[in-house]
Amino acid sequence: MSKLLYITANPKNDTKLSKGMQIGEVFLEEFKDAQPDVEIERWHLYDMDIPDIDMDLLYARAKLSFMGYTKEQLSEAERTKLEKMHELADRFIAADYYVFVTPIWNLGAPSILKKFIDNLFIVEKTFTNTSEGPKGLLTGRKAIHIQTRGGIYSSGPMVDFEFGDRYLRKVFEFLGFESLETVVAEGMDHFPKQIPEIMAKAKGQAAEAAREMAKETVTI
C-alpha cells in the first residue's frame, strides 16, 4: 500500500487555529477521494522526539565516516542518538507522497523543521557522493509544500527574503525528489479583510494540486 506522509510544523496543533492546516485538510480530503487506498500518516513535528545535531551525533557520524570506528565502538549516547536519527529517516523514506504545512516566520520556516530536515541527510541512505558531486537517492517521490505568509513574498521588495519554501525546494532537489509543488496563502497580516478570499484561493489551489498528485503514479 502506498503512503502519504502529512507533516505539520506549527505549534498550533489544532486545525481551527491554523490556516495552513485548514488548507492542508482540503488537500487531504481531495487526495483521499481520488486515492482512497493510500495510507495517510500524520506527523506533527512539535509532538515528536527529533534528535538534535549535538556533540554526540557529530562525533558519531565522524567516527563512522572517516575515523575508522565501528558502530559497536561508539559511546552509548552516540549510538542511541545515531540509531534514533536513522529510524526517523527510515520512516520518512518509507512514504511515497509528502505534504509539508508550514508558516513563514522571520523570513524562514519554524526552526523545528530545520531540526527535522537535519536528520534526513545521511550518506548512502538519502544521498551519495559521486565523482560529479552529491546525488540524491530519494528519487521518484512527489511532494507539496503548503505555506502561509503574513506578508507578500511572491512579488515586490520581499521576494529575495523568502527562505522557507526556497529552502525546502533545495533540500528535496538535493535528496532526489522528482518535484515539490507549492501552494501559498500570503498577505493575511497585511490585508486581514481579504483573508476569506485569500484562503478560498489557496484551498482551491490545494484541491487542484491534490487531484494532480493523485493522478501520478510514484515510482520508487
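Some notes on this structure:
- Most simply put, the chain has about 15% antiparallel DSSP beta bridges, counting only bridges with both residues inside it.
- One chain, two ends: Lys125 and Ala62. Fully extended at 0.36 nm per residue, the span grows by 21.1 nm beyond their Cα-Cα distance.
- Listed residues Ala209, Ala185, Ala60, most fluctuating in the chain (Gaussian network, C-alpha, under 10 Å): Ala60
- Of the accessible area of the stretch 3-214, computed with a 1.4 Å probe over protein heavy atoms only, carbon and sulfur atoms account for 51 percent.
- Panel values: the stretch 14-95, Kirkwood radius from alpha carbon pairs, Stokes-Einstein at 37 °C and 0.692 mPa s, translational diffusion coefficient 209 µm²/s.
- Whether the stretch 134-220 is rounded, prolate or oblate, judged on the alpha carbon gyration tensor where a/c under 1.5 counts as rounded: oblate
- Charge tally in the Cβ shell below 9 Å around Lys81, where Lys, Arg are +1 and Asp, Glu are -1, Lys81 excluded: -3
- Rh by Kirkwood over Cα pairs, then Stokes-Einstein D for the stretch 42-142 at 1.567 mPa s and 4 °C, µm²/s: 85
- Karplus (6.51, -1.76, 1.60) ³J(HN,Hα), θ = phi - 60°, over the stretch 143-156, in Hz, Gly and Pro reported as x: 8, 9, 10, 9, 10, 9, 9, x, x, 10, 10, 7, 7, x
- The stretch 120-162 residues near the modelled Phe191 label - backbone nitrogen below 12 Å, point 7 Å along Cα→Cβ: 151-155
- When all protein chains stay in place and ligands, DNA and RNA are ignored, the 1.4 Å accessible-area order of Tyr59, Tyr69, largest first, is Tyr59, Tyr69.
- The residue list Ser131, Val171, Thr102 was ranked by how far each Cα lies along the charge dipole of the stretch 99-193 toward its positive end, using unit charges on Cβ atoms, and Thr102 comes out on top.
- Label-to-label distance for Arg79 and Lys12 is 4.5 nm, based on points extended 7 Å past Cα in the beta-carbon direction.
- Simple spin-label estimate for Lys135 and Met48 gives 2.8 nm between the two label positions (7 Å along the Cα-to-Cβ direction from each Cα).
- Cross-link pairs exceeding 25 Å between alpha carbons, from the set Lys81/Lys125; Lys84/Lys215; Lys81/Lys142; Lys125/Lys203: Lys84/Lys215; Lys81/Lys142; Lys125/Lys203.
- Listed residues Ala207, Ala34, Ala77, most fluctuating in the chain (Gaussian network, C-alpha, under 10 Å): Ala77
- Candidates Glu208, Glu87, Glu76: whichever shows maximal mean-square fluctuation once the chain is modelled as a Gaussian network with Cα springs under 10 Å: Glu76
- If the segment from Ile152 to Met55 were pulled out straight at 0.36 nm per residue, it would be longer than the present Cα-Cα gap by 31.1 nm.
- Thr70/Ser2 FRET efficiency (R0 45 Å; Cβ-Cβ; nearest 0.05): 0.80
- The chain: translational diffusion in µm²/s, Stokes-Einstein, Kirkwood Rh over Cα pairs, 4 °C, 1.567 mPa s: 70
- Between the amide H of Ile144 and those of Tyr98, Val99, Phe100, Glu181, distances stay under 5 Å, these residues lying 5 or more places away or on another chain, with hydrogens modeled in the peptide plane.
- The chain - accessible surface per residue (Å², probe 1.4 Å): 52
- Angle between the chain longest axis and helix 76-93 axis [Cα atoms, degrees, rounded to 10]: 40
The values are calculated or read from the model by the stated rules, or taken from the named source; none is laboratory data. These numbers come from a predicted model, not from an experiment. Cβ coordinates were reconstructed from backbone atoms using ideal geometry, including for glycine residues, and neighbour counts include every protein chain displayed. Only protein heavy atoms, including side chains, enter the accessible area calculation; ligands, DNA and RNA are left aside. Shrake-Rupley method; radii C 1.70, N 1.55, O 1.52, S 1.80 Å.
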